[in-house]
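Read-outs throughout are calculated quantities, based only on the coordinates presented, and are distinct from any laboratory measurement. All values reported here derive from a predicted model rather than from experimental measurement. Note: ideal-geometry Cβ built from the backbone for every residue, glycine included; neighbour counts use all protein chains shown.
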């Protein structure tokens, strides 16, 4: 009888400990979600205070397709970007270069858009273009653009630490995302998104952003898959005083 009583008490204690452990874990997860939300909010706020900064991005894309009527195909592309951004007055200098050595230079402001045609010759484009170009440039100057586009909830963000940095990691698929995010992912043919933000512990400014976007298109005749990889660094905060628009050579 004594042994049975002790076993029963032991089982009760184990159940109690299990309950306590479960509650502790849930509390930790809740705190983690809150911490991610706070860090993200503070980082956005600090970035909004910066009058200028520089972005360097490496973009790589791998695409493969399979079809019953043709051979399997594979494409790859790589582009590097350099972007200087001044908040007020809004001005962006954007230079891109492909793996094949093709270059493009653009200057964008609220009212003007200049593009390089050869050597140091620039042409000012029509006035309606800046709005479109500003939308494209937003992908570069706002490192949190993907979180906004796909409306990713902070509950999906995992926070970790290194010596001088906070790491915000996100990985979602079209199967386990929120209904709103899932809808947006399907619209963009996106299967999975991986994001990793490196924040400076002192300033909370984002210094490095890594992204992987997995997309696919499946039909009766064609299956296509693509992986877009982005490696971005942000630096030179408040280091750019002014971006001067080039002379419009078409008026000379």
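At a 10 Å Cβ-Cβ cut-off, how would you order 69, 218, fewest neighbours first?
On the way: 69 6, 218 10.
With the fewest neighbours first, 69, 218 line up as 69, 218.
Could you calculate the contour length gain from residue 87 to residue 225, that is, 0.36 nm times the residue separation minus the distance between their Cα atoms, to one decimal place in nm? Let's see the in-between values first.
Working: separation 138, 0.36 × 138 = 49.68 nm, distance 3.73 nm.
Residue separation times 0.36 nm, minus the Cα-Cα distance, leaves 46.0 nm.
Determine, for 196, 104, the number of other Cβ atoms within 10 Å of each Cβ, and report the residues in order from fewest to most. Write down the numbers at each step before the final one.
Numbers: 196 16, 104 13.
Fewest to most other Cβ atoms nearby, the residues stand as 104, 196.
Between residue 71 and residue 34, how many nm apart are label points set 7 Å from Cα along the C-beta direction?
The two pseudo-label positions are separated by 6.0 nm.
Diagonalise the Cα gyration tensor of segment 108-252 and give the resulting equivalent ellipsoid semi-axes, square root of 5 times each eigenvalue, largest first, whole Å. The partial results should precede the final answer.
Working: eigenvalues 228, 121, 33 Å².
After diagonalising the Cα gyration tensor, the semi-axes are 34, 25, 13 Å.
Please report, in whole Å, how far the alpha carbons of segment 3-251 spread along each principal axis, starting with the longest.
Each principal axis gives a Cα extent; for segment 3-251 these are 99, 56, 30 Å.
Efficiency by 1/(1 + (r/R0)^6): what FRET value for residue 49 and residue 139, r their Cβ-Cβ distance, R0 = 22 Å, to the nearest 0.05? Mind dumping the intermediate values first?
Numbers: r = 21 Å, r/R0 = 0.95.
According to the calculation, E is roughly 0.55.
List 102, 95, 116 from most exposed to least, where exposure is judged by having the fewest other Cβ atoms within 10 Å. Present the calculation step by step, with values, prior to reporting the outcome.
Numbers: 102 9, 95 14, 116 17.
Lowest count first: 102, 95, 116.
Which parts of segment 145-180 would a label at residue 203 reach, counting a residue when its backbone N lies under 19 Å from a point 7 Å out along Cα-to-Cβ?
Of the residues in segment 145-180, 145, 162-168 have backbone N under 19 Å from the label point off residue 203.
Using alpha carbons only, how many angstrom separate the centre of segment 181-252 from the centre of segment 35-56?
Their Cα centres are 16 Å away from one another.
Normalising by the residue count of segment 152-252, find the relative contact order in percent from Cα pairs under 8 Å and 6+ residues apart.
Values: 155 pairs, mean separation 18.4, N = 101.
Result for segment 152-252 is 18 percent.
Below 8 Å between Cα atoms, with a sequence gap of 6+, how large is the relative contact order for segment 3-251 in percent?
Reported relative contact order: 23 percent.
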